[in-house]
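The values are calculated or read from the model by the stated rules, or taken from the named source; none is laboratory data. Owing to the predicted nature of the structure, the values given are computational and were not obtained by experimental measurement. In this analysis, Cβ positions are derived from the backbone assuming ideal geometry, glycine residues included, and neighbour counts consider all displayed protein chains. SASA here: full protein model, heavy atoms, side chains in, ligands and nucleic acids out. Shrake-Rupley method; radii C 1.70, N 1.55, O 1.52, S 1.80 Å.
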Amino acid sequence: RDATKEYERTAYAYPFNARSAEAAYAALLSYDAYEKTLTDPSQGAEKQAWHAANVESGLKFATTYPQHKEAANVLTRTARELFEIKDLDRAVDTAQRVLALQPPVDAAKQRTALTVIAHSRFEQQRYAEAEAAYTQLRALIPPGDKEQKEITEKLAAAVYKQAEAKKAAGN
């Protein structure tokens, strides 16, 4: 816990130097390590607060040190975690940042980012945007992959929900 605070201070409070990015990444590793020690049910609120701080630190790391070799991994993980805690708009924004990285991220990270976008937009009842993301995602999933069926069903549901809305509007 104390190490995390010191790593963050080194990474962000002092003038940037050759080790600043490594200190920022070490802070993320420290967040993870400390969070794993919070196993007692009475520590639920502390664990939740610590996890939220970890997510924020991930965003700060990826924004401050976009050229770090782990930035794409951290950003992808942060998008997924924002989705898991139902911070859907920020999850989509973060996932879109993953997709915009140059050079482009590998297919696995693209798949994660598109999944976050598609599921988030579906939960927000923004079905046209969900459809577009599911369509892109489906193109990344190899035939025969177990996820192919689930994504195809979600794509169909997004189209169906749009049709329902049009019908309800008299179209």
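Is it the case that Leu114 is open to solvent by less than 70 Å² (accessible area, probe 1.4 Å), more than 21 Å from Leu28 (Cα to Cα), part of a helix (DSSP H, G or I) and at pLDDT 95 or above? Working first, answer last.
Values: open to solvent by less than 70 Å² (accessible area, probe 1.4 Å): yes; more than 21 Å from Leu28 (Cα to Cα): yes; part of a helix (DSSP H, G or I): yes; at pLDDT 95 or above: yes.
Yes; evaluated as a whole, the condition is true for this residue.
Restricting attention to segment 152-171, which residues are under 13 Å from His119 (Cα atoms) and either open to solvent by 90 Å² or more (accessible area, probe 1.4 Å) or in contact with a Gly (Cβ under 8 Å, 6 or more places away or on another chain) (or both)?
Glu153
Which residue pairs have Cβ atoms under 7 Å apart, sit 6 or more places apart or on different chains, and have a first residue in segment 1-20 that is in a helix (DSSP H, G or I) and a second that is among the aromatic types (Phe, Trp, Tyr) and surrounded by 11 or more Cβ atoms within 10 Å (Cβ to Cβ)?
Thr4/Tyr31; Thr4/Tyr34
Does at least one position in segment 94-108 carry a residue that is more than 27 Å from Thr152 (Cβ to Cβ), modelled with pLDDT of 95 or more and open to solvent by 90 Å² or more (accessible area, probe 1.4 Å)?
no
Give segment 51-70 a look and list any residue that's touching a residue at least 12 places away in the same chain (Cβ under 8 Å) and part of a helix (DSSP H, G or I), or say none.
If the condition is that a residue be touching a residue at least 12 places away in the same chain (Cβ under 8 Å) and part of a helix (DSSP H, G or I), then His51, Ala52, Ala53, Asn54, Val55, Ser57, Gly58, Leu59, Lys60, Phe61, Ala62, Thr64 are the ones that fit.
Per-residue answers, yes or no, for (1) in contact (Cβ under 8 Å) with a residue 12 or more places away in the chain; (2) under 28 Å from Asp106 (Cβ atoms); (3) not small (Gly, Ala, Ser):
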site	(1), (2), (3)
Gln124	yes, yes, yes
Tyr134	yes, yes, yes
Leu137	yes, yes, yes
Pro143	no, yes, yes
Lys149	no, yes, yes
Glu153	no, yes, yes
Lys166	no, no, yes
Asn171	no, no, yes
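Working carefully through the options Ala45, Ala23, find the one that is assigned to a helix (DSSP H, G or I) and either at pLDDT 95 or above or in contact with a Ser or Thr (Cβ under 6 Å, 6 or more places away or on another chain) (or both). Can you show your working first?
Working: Ala45 fails: either at pLDDT 95 or above or in contact with a Ser or Thr (Cβ under 6 Å, 6 or more places away or on another chain) (or both).
Selected residue: Ala23, the only one of Ala45, Ala23 that is assigned to a helix (DSSP H, G or I) and either at pLDDT 95 or above or in contact with a Ser or Thr (Cβ under 6 Å, 6 or more places away or on another chain) (or both).
State the number of residues belonging to segment 13-53 that are loosely packed, with under 11 Cβ neighbours inside 10 Å and more than 20 Å from Pro66 (Cα to Cα).
The total comes to 7.
Go through (1) open to solvent by 50 Å² or more (accessible area, probe 1.4 Å); (2) within 14 Å of the chain's Cα centre (by Cα); (3) at pLDDT 95 or above one by one and return the number of the condition Glu129 breaks.
(2)
Confirm whether Lys149 is part of a loop (DSSP other than H, G, I, E, B), over 30 Å from Ala45 (Cβ atoms), basic (Lys, Arg) and open to solvent by 70 Å² or more (accessible area, probe 1.4 Å). Walk me through it before giving the result.
Working: part of a loop (DSSP other than H, G, I, E, B): no; over 30 Å from Ala45 (Cβ atoms): yes; basic (Lys, Arg): yes; open to solvent by 70 Å² or more (accessible area, probe 1.4 Å): yes.
The answer is no for Lys149.
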